[in-house]
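The values are calculated or read from the model by the stated rules, or taken from the named source; none is laboratory data. Keep in mind that this is a model prediction, so the values were computed, not measured. As a convention, Cβ positions derive from the backbone with ideal geometry for all residues, glycine included, and neighbour counts pool all protein chains shown. Calculation scope for accessible area: heavy atoms of the full protein, side chains included, ligands and nucleic acids excluded. Shrake-Rupley method; radii C 1.70, N 1.55, O 1.52, S 1.80 Å.
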Amino acid sequence: MFKKVFPLSAILSLRFLGLFLVLPVISVYALELEGSTPLLVGIVVGGYALTQAIFQVPFGAMSDKIGRKPTLLVGLLIFLVGSIICAFTADIYTLMIGRFLQGAGAIGSVIAAMISDLVEEEIRGKAMAIMGASIAMSFALAMGLGPVLGAKFGVEFLFVLTAIFAVLAIVLLFTKVPTPPKIKHTYHAAARTSDILKDPNLLNMIIINAMQKGLMTIAFVLIPIILTSSDFAWQKSDLYMAYMPAMVFGLVAMGPAAVFGEKYNKPKQIFLLSIVLFIGSFLIMGLTASSTVFIVGVVMFFIAFNMMEPLVQSMITKFAKVHQKGAALGIANSVAYFATFIGGTSAGLLLGYSDRETIGISVAVVATIWLLWTLKLQNPTKHSHLYLPLADVDLSKLKGFESAHVAEWYINDTEKIVIVKYVTDAIQKEDLIAKIAK
């Protein structure tokens, strides 16, 4: 599994490392550019997410049709161009254009879908945890290096590094990433992408994913500006002292959360705990007069974010049909990136018209409503997978086999096997084999 997942995780990590390097400092540096205002700074921080929101669904659906690798190449090339533009900007508007282009290379859902193609569902949670952990490592590295490198060489240098990372990701794509198997889908013509939004499980996960990402951008607009403001008077080069301990605790929390959510099938409990931590973090950051206590709020935020991260993507791939994984992840990430843009823009707007206390309380109130909504979430049904050689299966029996205990079946045409996804506690493996065997 690791050999299949690591190259894709590395590509995603390189891309996110470039984006994360600027997050700790971009709001305070963007304020110094010609034409900047708090609102425009908020758009710059979350601007890449607007185009991510627009292109996630087309990229996900395109990868279902023309293949994952060609789609990844297109996305990485667009990301490269956007990074180069950001590196040579002289005003807030050019930086905004570059950030929009960075986001247009919307490959996150494609990579998650490709991992789900390559890895069996029983261990997909671990695969998603590896992907999430690699992103978190990028977070940790960026939180330490971003403020230091930005203060020493300027934000332009960070964007040059991002462009280099994009080139390295393209090299990895064609030298280390395996080609996913070809899947023959076995669904009626009536199956539509719009069905994804009618599934209550997927809809709940879309909302959870969106709220998590929206709060992330709000935090990254507020944290550096508040710490370098007259309230605390930190230097830009000192921001790593807030981010590094937060990321360490976040990484430590990720492992147990992934195990409890996946192995014990309790993702709802992890989501609820994370939301409570989100509420507490914004209340602390909004109301405290102590920089030490403020850092505690930052730590709480990162713990909550990292506990959710590996579970969200995994749950979406579990609930989605095999032929709609790319589209489902595309829709979920599209909505999430739109929330990311709204979060950054709203935070910039509020900074111009409100105080820190009001912002912290307002965000906590919204998160409380989110908590109440999430109470109705159900933990997923536990499924098992039956893998049989194609030659041993009577397809006429399988095509006519309808059961409430069978979620779906499909053919891996590359490996010549049939995969049947069924409810673990409702039907015995031996009985299922007897019903469809030749």
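Seen from a random direction on average, the alpha-carbon convex hull of the range 251-321 projects onto 4.8 square nanometres. Over the chain, dividing the summed -39,500 (n - 2.57) contributions of all DSSP H runs of at least 4 residues by the number of residues returns a 222 nm mean residue ellipticity of -24500 deg cm²/dmol.
Checked against a 21 Å cut-off, the cross-linked pairs LYS152/LYS213; LYS198/LYS325; LYS318/LYS382; LYS376/LYS429; LYS69/LYS198; LYS69/LYS382 give Cα-Cα distances beyond that limit for LYS152/LYS213; LYS376/LYS429; LYS69/LYS198; LYS69/LYS382.
Taking SER230, SER27, SER334 in turn, the Gaussian network model of the chain (Cα-Cα springs below 10 Å) assigns the largest fluctuation to SER230. Select from GLY154, GLY250, GLY214 the residue whose mean-square fluctuation is largest in a Gaussian network model of the chain (Cα-Cα springs shorter than 10 Å). Ranking GLY154, GLY250, GLY214 by mean-square fluctuation puts GLY154 first. The accessible surface of the range 325-438, taken with every protein chain in place and a 1.4 Å probe, is 59 percent carbon and sulfur.
With all protein chains kept in place, the per residue accessible area of the range 296-438 amounts to 43 square angstrom at a probe of 1.4 angstrom.
For the range 324-381, rounded, prolate or oblate, judged on the Cα gyration tensor with a ≥ b ≥ c (square roots of eigenvalues), a/c < 1.5 rounded, else prolate if a/b > b/c? Here the range 324-381 falls in the oblate category. In the range 239-387 the Cα-Cα distances spread across 5 Å bins starting at 0 as 2, 9, 14, 18, 21, 16, 10, 6, 3, 1, 1, 0 percent of all pairs.
Near the amide H of TRP234, within less than 5 Å, lie the amide hydrogens of THR228, SER229, all on another chain or at least 5 residues away, with H placed in the peptide plane. Quantify, in whole percent, the carbon and sulfur part of the accessible surface of the range 1-155 (1.4 Å probe; protein heavy atoms only). Reported share for carbon and sulfur atoms: 75 percent.
Using the heavy atoms of the protein chains alone and a 1.4 angstrom probe, what is the accessible area of the range 1-151 per residue in square angstrom? Kindly include the intermediate steps, with their values, before the conclusion.
Values: 4790 Å² over 151 residues.
Here the residues of the range 1-151 average 32 Å² of exposed surface.
Dividing the radius of gyration of the alpha carbons in the chain by their Kirkwood radius gives 1.00 for Rg/Rh.
In this structure the range 193-275 gives 40 Å² per residue of accessible area when probed at 1.4 Å with all protein chains present.
Taking the chain as a Gaussian network of alpha-carbon nodes connected by springs under 10 Å, the highest mean-square fluctuation of the residues LYS263, LYS152, LYS236 belongs to LYS152.
For the range 330-432, GluC sites (Glu not before Pro) meeting the loop criterion (DSSP other than H, G, I, E, B) and having at most 10 other Cβ atoms within 10 Å: GLU402. Taking packing as the residue-averaged number of other Cβ atoms within 10 angstrom, the listed peptides 286-295, 86-95, 306-315, 5-14 run from highest to lowest as 306-315, 5-14, 86-95, 286-295. Of all DSSP beta bridges confined to the chain, the antiparallel ones make up roughly 95%. Here the extension length gained between GLN378 and ASN265 equals 39.6 nm, from 0.36 nm per residue of separation less the Cα-Cα distance.
In whole Å, what is the distance between the alpha-carbon centres of the range 339-369 and the range 279-307? A separation of 15 Å, based on Cα centres. The overall shape of the range 144-285, judged from the alpha-carbon gyration tensor, is oblate: a/c is not under 1.5, and a/b is no greater than b/c. If you take the alpha carbon atoms of the range 276-363 and fit the smallest convex hull around them, that volume is 91 Å³ per residue.
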